[in-house]
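Participant: Just dropping this structure here.
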């Protein structure tokens, strides 16, 4: 591991309604930790500004009504499925629109959770695609294509093996971040 990477860290910011995206975020962080310090934090608790030590930002959350959660879909999760969401107005989308990042060199990646249902419906889910667009607006360089992790139903649970797959993806992101740092 390069000396530069030891001073750098990764931040995994997630929004989770039923716990599945949280589990994926922590598994990604576990995989990343083989290469650099990694912290997973809910969007509601994420810092409003990233320091220059954050070299990799990974973001993710569930698909709600074919996209990232919004106040109306969060409200629907509470009323229709009994979700406990303390602040319906604020989540990952809102954090990505407000966070300040230092200029240059921020690498990023995105993930989402989605049901493993009908193929056409799954193709219509755009949470990770929107996350990548918002990361691009921040000036981040997308390090790897978005990953999609599957849940059995609206309230979960994760399909068997998804947390292991998230850990492996985290290791891959860590390797890519290390290679990127070594090439600077």
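Participant: What number goes with the only condition from (1) more than 17 Å from residue 60 (Cα to Cα); (2) not in a helix (DSSP H, G or I) that residue 180 does not pass?
Facilitator: Residue 180 satisfies every listed condition except (2).
Participant: Considering each of 21, 40, 10 in turn, give the residue that is in contact with a strand residue (DSSP E or B) (Cβ under 6 Å, 6 or more places away or on another chain) and without any contact (Cβ under 8 Å) to a residue 40 or more places away in the chain.
Facilitator: So the residue among 21, 40, 10 that is in contact with a strand residue (DSSP E or B) (Cβ under 6 Å, 6 or more places away or on another chain) and without any contact (Cβ under 8 Å) to a residue 40 or more places away in the chain is 40.
Participant: Output yes when any residue across segment 157-176 is assigned to a strand (DSSP E or B) and on the phi < 0 side of the Ramachandran plot, and no when none is.
Facilitator: yes
Participant: Right, here's the next one. Return the residue satisfying two criteria in turn: it lies in segment 3-17 and is in a loop (DSSP other than H, G, I, E, B) and at pLDDT below 95, and of such residues it is nearest to residue 42 (Cα to Cα).
Facilitator: Only one residue fits best here, namely 17.
The values are calculated or read from the model by the stated rules, or taken from the named source; none is laboratory data. Note that the structure is a prediction, hence the values are computed from the model and not measured. Counting neighbours? That spans all protein chains shown, and the Cβs are built from the backbone with ideal geometry, glycine included.
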